[in-house]
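The values are calculated or read from the model by the stated rules, or taken from the named source; none is laboratory data. Only a predicted model underlies this, so the values are computations on that prediction, with no experimental measurement involved. A quick note on method: Cβ atoms are made from the backbone with ideal geometry, for glycine too, and the neighbour counts reach across all protein chains shown. The area values use the complete protein model at the heavy-atom level, side chains included, leaving out ligands, DNA and RNA. Shrake-Rupley method; radii C 1.70, N 1.55, O 1.52, S 1.80 Å.
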Amino acid sequence: MNARTRATRHTRAVEIVKVLRKLFPHPTVALRYGSPWELLVAVMLSAQCTDKKVNEVTARLFRKYRTLEAYCRASQTAFEQDIFQTGFYRQKAKHILATAKRIRDVYDGTVPSAMEDLLSLPGVARKTANVVRNAAFGLVDGIAVDTHVRRLTRRWGLTTSTDPKRIERELMEILPRSAWKDFTLQVIEYGRTYCPAKRHDHAACPIPDAR
């Protein structure tokens, strides 16, 4: 991104942040959880699945598996059935159960807060790590890029990339750091409330498309 493009996008980003803050001044994570570990599980289950469905599944899951050790003892086959409704259940089950064992064996049973430690967990990429660090530990040094963020930041002209890692880097260059904490949650709420992926009249959306 050259200096001129960065300056243009920064100006637009600041205006968009103002609108988002007005529309959603106190955004919260829609996933329900009672501990950093449950949040990590919920975020891992949310890949290619709605938060509503994840909450339905975890309401049962968290009652059945009350401790980290319970996940470590779970059978792959049984756990797959427990999370079947979230989709991609075989891979998700494999990653969650392996992550439980790694947290037990390497991190003394406590979900780590450092980015590099979270990224060492099976199936955990930067989006998941950013959400967990932000919501569970109040640590913000990145921007979680989910499907809403990827779709809308392109529509708003803040990026032209489709790669989540590159989108995150570009957003970090143009967004005020004070906006990083809430930006993803605000964009998710905006997408659900005003600008869903399904066909609709974009002219009615509060934030206009880039021209």
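General remarks:
- Rough spin-label spacing in nm, given labels placed 7 Å along Cα→Cβ, for ALA197 and ARG12: 2.2 nm
- Label point at ARG166 placed 7 Å out along Cα→Cβ; residues across segment 120-160 whose backbone nitrogen lies under 12 Å: 159-160
- Distance between segment 176-190 and segment 111-172 - C-alpha centres, whole angstrom: 11 Å
- Measuring nothing but alpha carbons in segment 127-188 and taking Rh as the Kirkwood radius, the Rg to Rh ratio lands at 0.93.
- Global geometry of segment 89-211, whether rounded, prolate or oblate, following the gyration tensor of its Cα atoms and the 1.5 cut on a/c: prolate
- For the chain: rounded, prolate or oblate by the Cα gyration tensor [a/c cutoff 1.5]: prolate
- Take 95-101, 172-178, 31-37 and order them by the average number of nearby Cβ atoms within 10 Å per residue, most first; the result is 95-101, 31-37, 172-178.
- Per residue, in Å², the accessible surface of segment 76-156 once ligands and nucleic acids are set aside, probe 1.4 Å: 46 Å²
- Of all complete DSSP H helices in the chain, not one has a Cα span along the helix axis of 27 Å or greater and a mean Kyte-Doolittle hydropathy of 0.0 or more.
- Fluctuation leader among LYS94, LYS198, LYS64 - the chain, Gaussian network, Cα springs under 10 angstrom: LYS198
- Restraint check, LYS18/LYS52; LYS53/LYS101; LYS92/LYS127; LYS94/LYS181; LYS18/LYS53; LYS64/LYS94, Cα-Cα greater than 21 Å: LYS18/LYS52; LYS53/LYS101; LYS94/LYS181; LYS18/LYS53
- Shape call, segment 19-116: gyration tensor on alpha carbons, a/c limit 1.5: oblate
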